[in-house]
Structures are given as structure tokens and as C-alpha cells.
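Worksheet: the structure to be examined is printed underneath.
The values are calculated or read from the model by the stated rules, or taken from the named source; none is laboratory data. Source: prediction; values computed, not measured. Glycine also receives a Cβ, built like all others from the backbone with ideal geometry; neighbour counts cover every protein chain displayed. Areas reflect the complete protein model, heavy atoms only, side chains present, ligands, DNA and RNA absent. Shrake-Rupley method; radii C 1.70, N 1.55, O 1.52, S 1.80 Å.
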Amino acid sequence: MITFGPVPSRRLGRSLGINNIPSSKICSYSCVYCQVGATKTHTNQRCACYQPEDICHAVEQHLEKLQPSEMPDYLTFVANGEPTLDINLAASISKLKPFGIPIAVISNASLLSNPNVRNDLVLADWVSVKVDTVVEELWRKQN
């Protein structure tokens, strides 16, 4: 399933989730606290996941089923893994802009050193990145 919700979010109000990573968890980390569970495919290499047109179509279909009072405050890329691993993230964000709903990306920040990832994220209206600790030993235990 590409879309889910809308779900309540402390920071984003009502958020329509977008899972741009296939259902088998693909992530650059394997955080002990991850709500999605253990990482099945551990990588930091970007790859094509869903086609941007498929993501846009899934969002459009989901929005059409909602009542006006249920419309989301944000379209949020929060995947079964790390959303920035999707090499088509920028294209997906661009295709969603015409809906007129702000776009958020929730990331583990592992790929921020990649200039292409930073260029993708600049298209979003809101980006949240995690920082668990600056102590390497603790970071290795958690992630």
C-alpha cells in the first residue's frame, strides 16, 4: 500500500502517509526502536522504487475518498524504510505539488551528505531529520 491515513501528527496535524519504499523494509539503518521493525534490506544506495506517476495516482485516489473535513494538512513521505533511498523522490514530490497540500519528508538523515538528496529535499515544504546522539558508541548501539 502506497498511501495510508490520514493519521494525527503532533507536528503536522492530519497527515496522509506516503510509503515510497516497497513493503519489505529497505533502510540505511536498523534502529532498535523502529516502529516498522527490523531492516530487511540494509543499504545506502539509492534505487528506483515506485514510479512517481503511481505515487501520484495513489494519492489522488486516496484524496478522492476523503470527506472535506478529513483532508490532510500534509502529504508525508514516511516510508517502510528511508524515503530518501528512492531516487525518484524529487519527481514524486513535484507530481504531488498540484494538489496544493504541503509536502513533508521524515528522514533518518543518513543520506544528507549526498547533494542529490539535498536537492530532492529542498522541494518539500517541511523536512524532519533525526539525530539520536553525537556519541558514536551510542549511535552504533541504536542504529
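Please figure out what share of the DSSP beta bridges in region 1-79 is antiparallel and state it in percent, rounded to the nearest 5. Before the final figure, lay out the partial values.
Values: 5 of 11 bridges.
Antiparallel bridges: around 45 percent, rounded to the nearest 5.
Taking the alpha-carbon distance from K40 and a cut-off under 17 Å, which aspartates and glutamates remain once sequence neighbours fewer than 8 residues away in the same chain are dropped? Those aspartates and glutamates meeting the cut-off are E82, D86.
Express the accessible area of the chain per residue in Å², computed with a 1.4 Å probe while the remaining protein chains stay in the model.
On the way: 7800 Å² over 143 residues.
Heavy-atom SASA per residue in the chain reads 55 Å².
Which FRET efficiency value, to the nearest 0.05, is calculated for E64 and W126 with the Förster distance at 30 angstrom and r the Cβ-Cβ distance? Calculated transfer efficiency: 0.80. Of the solvent-accessible surface of region 5-79, computed with a 1.4 Å probe over protein heavy atoms with every protein chain present, carbon and sulfur atoms account for 49 percent.
Looking at the chain only, what percent of DSSP beta bridges run antiparallel? Nearest 5 please.
On the way: 5 of 20 bridges.
Once the DSSP bridges in the chain are tallied, antiparallel ones form about 25 percent.
Based on Cα contacts under 8 Å between residues 6+ apart, region 76-129 shows a relative contact order of 42 percent.
With a 1.4 Å probe and all protein chains in place, put K65, K130, K25, K97 in order of accessible area, largest first.
On the way: K65 160, K130 50, K25 5, K97 80 Å².
I get K65, K97, K130, K25, largest accessible area first.
Spacing of the modelled spin labels on K97 and N119, each 7 Å from Cα toward Cβ, amounts to 1.5 nm. Only Cα pairs under 8 Å and 6+ residues apart enter the sum, and on that basis the relative contact order of the chain stands at 25 percent.
I26 contributes about 20 Å² of solvent-accessible surface, heavy atoms of the protein only, 1.4 Å probe. Ordering E82, E53 by accessible surface, largest first, gives E53, E82; the 1.4 Å probe counts only protein heavy atoms, with every chain in place. Adding -39500 (n - 2.57) for every DSSP H run of four residues or longer, then dividing by how many residues the chain holds, sets the calculated 222 nm ellipticity at -7000 deg cm²/dmol. Backbone phi angles across region 84-92, fed through the Karplus curve with coefficients 6.51, -1.76 and 1.60 (θ = phi - 60°), yield HN-Hα couplings of 6, 5, 6, 5, 9, 4, 4, 5, 5 Hz in residue order; Gly and Pro are listed as x.
For region 114-121, putting each phi into the Karplus relation 6.51 cos²θ - 1.76 cosθ + 1.60 with θ = phi - 60° gives couplings of 7, x, 5, 5, 4, 5, 5, 5 Hz, in residue order, rounded to whole numbers and with x for Gly and Pro. A convex hull fitted around the alpha carbon atoms of region 1-106 yields 92 Å³ per residue. Relative to the longest principal axis of the chain, what angle (0 to 90°, nearest 10) does the C-alpha long axis of helix 52-65 take? Helix 52-65 sits roughly 50 degrees off the main axis of the chain.
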